[in-house]
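Here the structure is laid out as structure tokens; the discussion comes afterwards.
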Amino acid sequence: MKKASFTPAAPILAGFHQKNYVKWSANKIVKQGIHPLMANFIPYAKQQVDEDDIAAVTAVLRSDWLTTGPQVASFEQALADTTRAKYAVVFSSGTAALHAAYFAAGVKHGDEVITTPLTFAATANAALYLGARPVFIDIAPGSFNINQALIEEAITSRTKVIAPVDMTGLPAPVEEIMEIARGYGIIVVEDAAHALGANFNGKPVGSRADMTVFSFHPVKHITCGEGGAVTTNNRRYYDKLLAFRSHGMVREPSLLMENHGPWYYEMQQLGYNYRITDIQCALGLSQLKKLTRFLARRREIAARYNEAFENCPHLLTPPVVPGVEPAWHLYVLRLAGDNPPRGELIDRLYKNSIGTQVHYLPVYRHPYYRDLGYPAGLCPNVEDYYRRAISIPLYPAMGNTDVKRVIKVVMEEVNSLYERLLSSDVENIHHSS
Ligand SMILES: *Cc1c(COP(=O)(O)O)cnc(C)c1O
């Protein structure tokens with residue numbers, strides 16, 4: 001066999017941690033002699049960048065602005081329009097946007113941020129950045145989102161923020177959570193990194209919570225390479241977000257403590273350099289124009305998957321919530337039974353050149369969080385979900401042939417794995433009798 005050289009092509013294997021993913025793939029190559037780019041490998045997610053996106057970026061490289069310039073302002077306006085929010089502030093990443101949103105909400109050392117452990121770690125990490133403690137609430141049974149019925153009993157005098165996550169692109173019940181929060185003067189920051197373009201009772205995600213956070217990482221709906229945003233209807237949060245993005249410095253005359261002249265700016269709080277470039281925003285703006293098309297394709301593929309897997313007794317398809325139009329960032333199947341053969345299914349799909357991922361290890365089970373004292377088993381529904389979940393390929397550039405192949409291979413492998421499980425159960429019964 002020809003020796004595989006895969007590093008230069010690695011960026012097409014989109015993932016949160018491309019490096020780890022490639023490392024993992026490399027181990028598999030050694031073990032199984034399989035090259036992930038051979039035999040029509042289908043990754044679980046992938047960006048779509050077209051010639052017009054590239055043209056938009058190169059035009060900026062020829063312009064007078066490389067960072068904070070007209071593309072940043074246009075992208076922010078377009079995001080505000082899309083989400084029907086008054087303001088949008090873009091950041092260097094979704095994580096930076098979360099950090100800024102919690103800061104604008106007034107989160108300080110010793111405060112608590114209520115969130116779900118079924119999320120990318122950044123939702124909780126951003127609370128730690130500010131010296132606050134994440135408080136993890138379980139998901140509702142059968143749901144992917146935080147159980148709003150458990151929120152109120154978790155509220156203490158130190159609770160500053162409730163951060164629901166629109167897991168997989170399925171909007172969390174933010175209206176109900178806002179109502180709970182109002183009674184306590186708590187601020188709701190919705191992590192909508194999965195949910196750009198989703199609707200809840202006809203209302204777009206982005207204008208429901210006090211602040212809403214988006215990510216433009218390549219696996220998300222649209223990409224800037226790296227990037228994020230906060231949308232809000234509140235002027236006070238907007239001013240704080242802007243200052244936090246750039247060292248806590250303020251130029252706007254009406255907000256200055258002193259004013260020494262037209263050159264003058266002052267640092268009023270400790271901020272960061274979380275700015276995003278005009279180069280990236282040109283890409284984001286060009287991508288945002290395709291959001292409707294991207295979403296339509298994601299929904300089409302999800303509908304095909306639903307139809308194909310719905311009647312399989314070994315598989316649970318994603319929850320359906322009345323009035324909700326998900327953005328389908330991820331398509332998560334859950335395997336049924338007491339011993340879901342998830343790891344084996346992932347291996348078998350990989351051997352068939354189909355990439356998958358697991359979203360997510362419950363945040364508190366990461367070694368860093370374990371060391372902070374969070375016990376294993378803290379949220380039983382999330383733990384149960386975690387044993388069963390597998391994200392199968394879903395991205396707008398995925399062709400119908402690929403969708404068909406995923407369906408065929410998943411059905412074949414699932415049926416064969418469960419047949420074996422069933423026969424080993426019979427054997428166990430024989431042995432024990
Ligand atoms: C992607 C993601 C983030 C972080 O966004 P980055 O742009 O990668 O920093 C935060 N929360 C969730 C749920 C995400 O999926």
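Read-outs throughout are calculated quantities, based only on the coordinates presented, and are distinct from any laboratory measurement. Note that this is a predicted model, so its numbers are computed, not measured. Glycine gets a Cβ as well: all are built from the backbone with ideal geometry, and neighbour counts include every protein chain shown.
Structure notes:
- Residue-by-residue Karplus 3J(HN,Hα) for region 268-277, coefficients 6.51, -1.76, 1.60, Hz, glycine and proline x: 9, 9, 7, x, 10, 9, 10, 6, 10, 7
- Where labels lie 7 Å past Cα in the beta-carbon direction, separation of Ala376 and Val49 in nm: 4.1 nm
- Cys312/Thr401 FRET efficiency (R0 22 Å; Cβ-Cβ; nearest 0.05): 0.55
- Of Lys240/Lys289; Lys203/Lys289; Lys203/Lys404; Lys46/Lys108; Lys220/Lys404; Lys289/Lys404, those spanning more than 25 Å from alpha-carbon to alpha-carbon: Lys240/Lys289; Lys203/Lys404; Lys46/Lys108; Lys289/Lys404
- For the chain, the longest site-free run once GluC sites (Glu not before Pro) in DSSP loop states with at most 14 other Cβ atoms within 10 Å are removed: 1-257
- Measuring between their Cα centroids, region 367-410 and region 281-313 lie 18 Å from each other.
- Within the chain, helix-based [θ] at 222 nm, where runs of 4 or more DSSP H residues each add -39,500 (n - 2.57), nearest 500: -12000 deg cm²/dmol
- Shape of region 112-172, Cα gyration tensor, a/c cut at 1.5: oblate
- All Cα pairs of region 51-288, percent lying beyond 28 Å: 30 percent
- Label point distance in nm, Gln269-Lys108, each placed 7 Å from Cα along Cα→Cβ: 1.1 nm
- Computed over Cα pairs, the Kirkwood radius of the chain leads via Stokes-Einstein (1.306 mPa s, 10 °C) to a diffusion coefficient of 69 µm² per second.
- Estimated from the Cβ-Cβ distance and a Förster radius of 30 angstrom, the FRET efficiency linking Leu361 and Leu421 is about 0.80.
- For region 83-146 versus region 61-82, the gap between their alpha-carbon centres in whole angstrom: 25 Å
- Taken over region 303-433, the percentage of Cα pairs per 5 Å bin, counting from 0 up to the bin with the maximum distance, is 2, 9, 17, 19, 18, 14, 11, 7, 3, 1, 0.
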